[in-house]
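These notes are about the structure you will find just below.
Each reported figure results from applying straightforward, stated rules to the coordinates on display, with no laboratory input. Remember, it's a predicted structure, so these values are computed and weren't measured experimentally. Neighbour counts are summed over all protein chains in view; Cβ atoms, including those assigned to glycine, are modelled from backbone coordinates with ideal geometry.
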Amino acid sequence: MTPTATRSNRRNHPLGQPQQWLCLTDQNEHMNAAIGAILFDLDDTLLDGGAAWRSGMDALLVRCPEVSRAAALEAWDMAFEEHFVRYLAGELTFEESRIARIRSWSDLVSVVVPAGDELSWFDDFRVGYEAGWVAFGDVEGALSQLRRLRLGVVTNGDGDQQRAKLAALGLEQAFEVVICSGDVGFAKPDPRIFELAATRLGIPSDRCLFVGDRRDSDALGAVAAGMSAVWLNRRDQEAPDERVPAIVTLGQLPALVSETGDGATRPATKPVW
Ligand SMILES: [Mg+2]
């Protein structure tokens, strides 16, 4: 089995990319059929979530300019991780999760938010957040090269908000299928949400390739559902193991999927970089 490209050999390559890349068939036991569809995560995969959060936080910090932006963003991240998971699990409604996030965040940054004012504060964040919705620079080029494949999105979040994000990015027509956890009642990494996307596309799961920035809930979740997967490791983090291949930009994705005849074959079985 070809080992995962290491950080060091990636850096040694003249293009800054790995000299040796993964054989997806080695890493995904279900990769026996030609890839017919590529499914994408949305936040931090297509949409630059960091930029959006910074925009939202700048709007929120107008209320409390004494709080540093870095501390505020770190606290927001912590509050999100805690309460968005509870929303996905069905423990909180979307609105309740917003209230809980403001409560946790304000405690972390030592800002007083009067009881009952949480949604007003959140709305300030939301306005800035929505104004900051932009696609990563590598999205358009990658999608244009993958146009011959069936394309879809599988995203955790409120359906109306996730579709609004795609519209803001100009991508509402780019995907044949958009599955939002808030609409269907289960969230990644639940295999059912991946299987639902494959079913709606009419493509067997083992002919779907999933791409997302969360290694566990995106890549490993998709593999557990019988798909192939690539971890979009934009921050070039150290992988804990070699169970799924990684790319650092969507610009690397089209080369992973070599096209032949009237369909696309599985990603190359030889190193392609
Ligand atoms: Mg994501």
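Some values worked out for this structure:
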quantity	calculated
For region 49-131: relative contact order, % (alpha-carbon pairs under 8 angstrom, 6 or more apart)	47 percent
Bins of 10 Å from zero: percent of alpha-carbon pairs in region 97-215	11, 34, 31, 16, 7, 0
Relative exposure of Cys180, Cys64, Cys208, judged by other C-beta atoms within 10 Å (fewest first)	Cys64, Cys180, Cys208
DSSP-loop GluC sites (Glu not before Pro) across region 69-155, with at most 12 other Cβ within 10 angstrom	Glu91
Stretchable slack from Ala224 to Asp117, in nm (0.36 nm times residue separation minus alpha-carbon distance)	34.3 nm
Residue exposure sequence - Met78, Met227 - by fewest surrounding Cβ within 10 Å	Met78, Met227
Square roots of 5 times each gyration tensor eigenvalue, C-alpha, region 37-83, largest first, Å	26, 12, 7
Taking region 78-205 and dividing mean pair separation by its residue count, relative contact order in percent (alpha carbons under 8 Å, at least six apart)	20 percent
Calculated FRET value between Val62 and Glu82, using beta carbons and R₀ = 25 Å, to 0.05	0.55
